[in-house]
Amino acid sequence: MKFEDNLKKLEELVAKMESGDMKLDDMIAAFEDGRKLVDECQKDLESIRQRIEKVTKSGAVEPMNP
């Protein structure tokens, strides 16, 4: 899944949690799902950071893996 998709899902989860309409068990499950999405976003951002470092050091652009 792409960074943008994970970020959108995370934003949707946060909005649901902030609405106050969720039961506690549902909120805990949403929090766990959100934590996984945050981890995936952080991995994606780290990969992007490394790619940018390579480009700025070498001047070459390598294709990203989907």
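The values are calculated or read from the model by the stated rules, or taken from the named source; none is laboratory data. Owing to the predicted nature of the structure, the values given are computational and were not obtained by experimental measurement. Please note: Cβ atoms are built from the backbone with ideal geometry, for glycine as well, and neighbour counts cover all protein chains shown. Keep in mind that these areas ignore ligands, DNA and RNA; they rest on the heavy atoms of the full protein, side chains included. Shrake-Rupley method; radii C 1.70, N 1.55, O 1.52, S 1.80 Å.
Scanning segment 1-18 for residues that are assigned to a helix (DSSP H, G or I) and either in contact with a Pro (Cβ under 9 Å, 6 or more places away or on another chain) or open to solvent by less than 100 Å² (accessible area, probe 1.4 Å) (or both) gives PHE3, ASP5, ASN6, LEU7, LYS9, LEU10, GLU12, LEU13, VAL14, ALA15, MET17.
Restricting attention to segment 19-30, the residues that are surrounded by fewer than 13 Cβ atoms within 10 Å (Cβ to Cβ) and on the phi < 0 side of the Ramachandran plot add up to 7.
Just so you know, in segment 37-46 the residues that are of a type outside the set (A, V, I, L, M, F, W, C) and surrounded by 13 or more Cβ atoms within 10 Å (Cβ to Cβ) include one that is nearest to LYS9 (Cα to Cα), and it is GLU40.
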